[in-house]
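Before any comments, here is the structure.
Each reported figure results from applying straightforward, stated rules to the coordinates on display, with no laboratory input. All values derive from a computational prediction rather than experimental measurement. Virtual Cβ from ideal backbone geometry, glycine too; neighbours counted across all protein chains shown.
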Amino acid sequence: MHNILISKQLEMKNIKKIGILHGMEETFPAAFVSRVNEIVKKESLPLMAEHVLVDKVEQGVPTDYAVIIDRISQDVPFYRAYLKNAAACGTAVINNPFWWSADEKFFNNVLATQIGVPVPKTVLLPSRERPADTTERSFKNLKFPLSWDTIFERIGFPAYMKPHSGGGWKSVYKVENMEDFFNKYAETEQLVMLLQEEIQFTEYFRCYCLGGKRVHIMPYEPRNPHHLRYVSNAGPATKKLLETVEKYVLALNHVLGYDFNTVEFAVRDGIPYAIDFCNPAPDADIHSVGQENFDWIVENASRMAIERAMNHKDGQDNLTWGTYIKNAAIGSSVNVGTQAKKEPAAVTKAATPKAAPAKKEVAPVVEKKATAKPVKEVKEVKAAPAIKETPVKADDLKIIEGIGPKIAEILIAAGIATFAELAKTKATKVKEILEAAGSRYKMHDPTSWPKQADLAAKGKMDELKKLQDELNGGK
């Protein structure tokens, strides 16, 4: 009997634990733990799942968990500190608590502009009231009043105002005009806010992305009550649109480094604009997302956690770091496109559910599972060799919306050094040049570049600015 107990203890010692840390949430955590344990039992894996139990937290002392799914630390600072200690000691925390602490929505938008994902025009606003323990002297470097006219001209009305950090549709305002803006801005107290153009959409999607490769695209109606937002009257989306949405979902999550996130897109004139993509603890309750979406989330979150546990290495950093951090660590350029990892992306399109009773029914779209072609991992592209000296002076191609320093180098190396030369080069030829330069440049769309260059070459800078105000990322 004693030998049997010793054998059991040794067996348990070799079993790695997967935990989920959560608060009031009920349906997803319970289903996740149950499904992980079903899979590991069926496949005889040396793993187990449970709800995390936190007791004494001592600096530098590892937890019992190989993997922890974090669903609550954004609201509980004690848990965030616990998870950072766990991560530093080798636990694979999902999502990375260090990046989650540093990230916020305005910076998300900044990165999106750098990698060519369309986002609404957005301006950062200081808090209406001064932060605690500050005085007027704390803001010597802040212009007062702000250039409100230029801000309103850039964003337009109606617009949306929302906190630069946080989520859950808290303190989100729709503003109709200047007077309405200032009235609602006065209510925001010490919140740093964003003012963002309204995207009047014809289609809207909320997309789950798990493990940087599992994508689930769900029709979504943000104007509905919370429990009816996954009920949509939208018909089947085109294959091209869904492929673009998938590409953008992967690009955003790879650059941010999130393992568990949702991205929302509002589609205007066929272009999906990323509206909200900083959701590291997204809604997964069965009563709001619906049974079909809930089943997908549970299954794929379980598979992701099992993969991470099986690949876990004791005493090492087991976190996911986005390409923004990775590139910065090696001194690589920020404004480069990100691509999918080597693993093929498992993408599904959620069935379009029947509409609410008050709306006209739409036939459901059958779920489609497709495996995207693997795309090579991002590698640093060496700067293009400088062209030979020429009597023709190169123009500053970075004036063209969508062209950054690296792309300017690539175009100059290809013999396109002036606005006039770019103006007479077909967009398809420019696209070929970008693709030849490396996989990171494939997502850039040069369609508008020749037209922009033509205006610049003719000195029509006012017309160029007007055109660029209508564009996003050079498209």
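Remarks
- Among the GluC sites (Glu not before Pro) within segment 149-198, those in coil by DSSP and having at most 13 neighbouring Cβ atoms inside 10 Å are Glu176, Glu187, Glu189.
- Along its three principal directions, the equivalent ellipsoid of segment 397-470 from the Cα gyration tensor extends over semi-axes of 20, 13, 10 Å, largest first.
- Segment 121-197: proportion of alpha-carbon pairs further apart than 13 angstrom, %: 68
- Dipole magnitude of segment 397-470, debye to nearest 20 (Cβ charges: Lys/Arg +1, Asp/Glu -1, about Cα centre): 120
- Within segment 154-242, the chymotrypsin sites (Phe, Trp or Tyr not before Pro) that combine a DSSP coil assignment with at most 13 other C-beta atoms in a 10 angstrom radius are Trp169.
- Cα gyration tensor shape for segment 2-102, rounded if a/c is under 1.5, else prolate or oblate: oblate
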